[in-house]
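A short worksheet on the structure shown next.
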Amino acid sequence: MSTAVIIAGGRSTRFGDQDKAVADLGGTPMIRRVADAVAEEVDSVVINCRADQRAAIKSAMAGYDAPVSIAEDERPDAGPTAGMMTGLRAVDSGYAFVVACDMPFVDPSFVEFLFDRAAGHDGAVPLLDDGWYQTTQAVYRAEAMADACERALDAGERKVLAALDRIEYVTVEEDAVRDHADLQTFRNLNTNEEFDEATAEFE
């Protein structure tokens with residue numbers, strides 16, 4: 001059994017008044033596009049969100065082929081580390097693929113590779129040549145990473161890298177990423193302009 005945890009609890013501050021998680025992207029809510037992209041690689045989906053997002057997200061995910069559950073933020077507005085902790089706490093499987101709701105170009109073949117690389121470790125995290133860890137498109141051992149996130153937050157550290165320091169994980173270098181996916185898989189949409197550009201690619 002494997003699970004996807006989609007992190008959707010951010011405030012979308014660069015996206016105007018609209019919640020980008022459920023914004024229409026070429027006729028489909030963006031969060032649904034993310035879920036659809038990984039559908040063949042996971043058995044269930046957990047979506048982390050704020051309480052006020054629940055109704056809109058449930059509507060966006062209506063009719064999805066795999067079981068979908070909502071994990072409301074335990075620590076609202078505390079950043080992706082808190083969202084990751086909450087989402088991973090709701091996972092039944094040993095490992096989970098964590099992805100941000102604003103990454104609609106996620107490559108399913110890369111998801112499969114990350115699950116394979118994470119086996120026997122607490123996680124598999126992409127590390128690009130620019131030194132940037134792609135922590136919100138990675139696979140983690142659910143319990144270990146949830147515990148690490150909680151310890152980091154309790155220590156006043158909100159960055160996901162602080163949680164990574166508390167687990168045993170493998171890095172997936174950029175060359176290995178390119179063997180399985182285009183770097184487009186990490187493309188995220190933060191602004192209306194980026195969203196408009198991406199919409200044309202889905203129409």
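The values are calculated or read from the model by the stated rules, or taken from the named source; none is laboratory data. The structure presented is a predicted model; accordingly, all values stated were derived computationally and were not measured. A quick note on method: Cβ atoms are made from the backbone with ideal geometry, for glycine too, and the neighbour counts reach across all protein chains shown.
Restricting attention to the stretch 96-120, the residues that are under 13 Å from the mean Cα position of the chain (by Cα), over 19 Å from Lys20 (Cβ atoms) and not in a helix (DSSP H, G or I) total 3. Just one of the listed residues (Ala66, Ala78) is part of a loop (DSSP other than H, G, I, E, B) and either under 24 Å from Ala119 (Cα atoms) or touching a His at 6+ places or on another chain (Cβ under 8 Å) (or both), and it is Ala66.
Condition test on Pro126, is it at pLDDT below 95, in contact with a Ser or Thr (Cβ under 9 Å, 6 or more places away or on another chain), under 22 Å from Tyr169 (Cα atoms) and not aliphatic (A, V, I, L, M)? When the stated conditions are applied, Pro126 does not pass them. Candidates Asp73, Asp24, Asp77, Asp19: the one that is touching a Gly at 6+ places or on another chain (Cβ under 7 Å) and either without any contact (Cβ under 8 Å) to a residue 40 or more places away in the chain or acidic (Asp, Glu) (or both) is Asp73.
Listed by first and then second residue, the pairs with beta-carbon distance under 7 Å, at least 6 apart or on different chains, first residue in the stretch 52-69 and free of Cβ contacts under 8 Å to residues at least 60 places away in the same chain and surrounded by 14 or more Cβ atoms within 10 Å (Cβ to Cβ), second of a type in the set (Asp, Glu) and part of a loop (DSSP other than H, G, I, E, B), are Gln53/Asp19; Ala56/Asp19; Ala66/Asp43.
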